[in-house]
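Working notes, beginning with the structure itself.
The values are calculated or read from the model by the stated rules, or taken from the named source; none is laboratory data. Bear in mind the structure is a predicted one, so any value in this text is a computation, not a measurement. Note: ideal-geometry Cβ built from the backbone for every residue, glycine included; neighbour counts use all protein chains shown. Note: accessible area is taken over every heavy atom of the protein model, side chains too, but ligands, DNA and RNA are not part of it. Shrake-Rupley method; radii C 1.70, N 1.55, O 1.52, S 1.80 Å.
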Amino acid sequence: MKQDIILAGVGGQGILSIAFVLDNAALAEGLFFKQAEVHGMAQRGGAVQSHLRISNQAIWSDLIPRGEADMILSVEPLEALRYMDFLRPDGVIVTSLTPFKNIPDYPDLERVLDAVRKAPKAVIVDSERLAKEAGTVKAQNIVLLGAAARFLILKEEGLKAMIEALFKGRGAPVVQANLKAFELGRKAASGS
């Protein structure tokens, strides 16, 4: 049992929070994981990506070879498109419908989404709307994590426990908003 995931987005969108939840859920299940250093700009607005590998056996390389990723989990649609060549022929892309227009010549959104839809399996979620419904627009990353949950080899209960652990220092309302965001993302993806 193994799973290779490319996490992608733009600085400030919560890629490291997604990685925290996945890494710690894997550890709690007794699995091995390796996460490559986040590549890109460590500030708001720059492209960010990370390789995350989870397995029940030792993992020898941090990096996922092109054509071998089981999933691209992206908080931004153009960033999902940027890493499509890493996806396996039967892989899945889970991405937001909401663009983060950090470049002056951001391509037409419909063309970007049409290209993403060419993936073997594409789940495109209105993470902004669902995060607002959950109570905080900042939870778009957790909406997408919820949308990805049904494709992950990790148990949903473990993911929720790690969301609680990540946000407990910020108070119960923040924890509850993020758990609701996860659930709304999960429900949105189940229709895909």
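A quick yes/no check of all residues on (1) more than 30 Å from Asn56 (Cβ to Cβ); (2) without any contact (Cβ under 8 Å) to a residue 60 or more places away in the chain:
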position	(1), (2)
Lys118	yes, yes
Ala131	yes, yes
Ala139	yes, yes
Ile142	no, no
Ala148	no, no
Gly158	no, no
Glu164	no, yes
Lys187	no, yes
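Yes/no matrix, rows are residues, columns are (1) modelled with pLDDT under 95; (2) open to solvent by 60 Å² or more (accessible area, probe 1.4 Å); (3) over 19 Å from Gly91 (Cβ atoms):
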| residue | (1), (2), (3) |
| --- | --- |
| Val21 | no, no, yes |
| Asn24 | no, no, yes |
| His39 | yes, yes, yes |
| Ala42 | yes, yes, yes |
| Ser50 | yes, no, no |
| Ile54 | no, no, no |
* Structure fact -> Scanning the range 127-150 for residues that are open to solvent by 50 Å² or more (accessible area, probe 1.4 Å) and in contact with a strand residue (DSSP E or B) (Cβ under 8 Å, 6 or more places away or on another chain) gives Glu128
* Only one of (1) free of Cβ contacts under 8 Å to residues at least 60 places away in the same chain; (2) closer than 15 Å to Asp70 by Cα is not met by Leu154, so which one is it? -> (1)
* Asked: If you take the residues in the range 65-90 that are in a loop (DSSP other than H, G, I, E, B) and in contact with a Phe, Trp or Tyr (Cβ under 6 Å, 6 or more places away or on another chain), which one is farthest from Gly185 (Cα to Cα)?
  -> Arg66
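So that you can scan it fast, the table gives a plain yes or no per residue for (1) modelled with pLDDT under 95; (2) among the hydrophobic types (A, V, I, L, M, F, W, C); (3) within 16 Å of the chain's Cα centre (by Cα):
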site	(1), (2), (3)
Leu145	no, yes, yes
Leu152	no, yes, yes
Leu166	no, yes, yes
Val174	no, yes, no
Asn178	no, no, yes
Arg186	no, no, yes
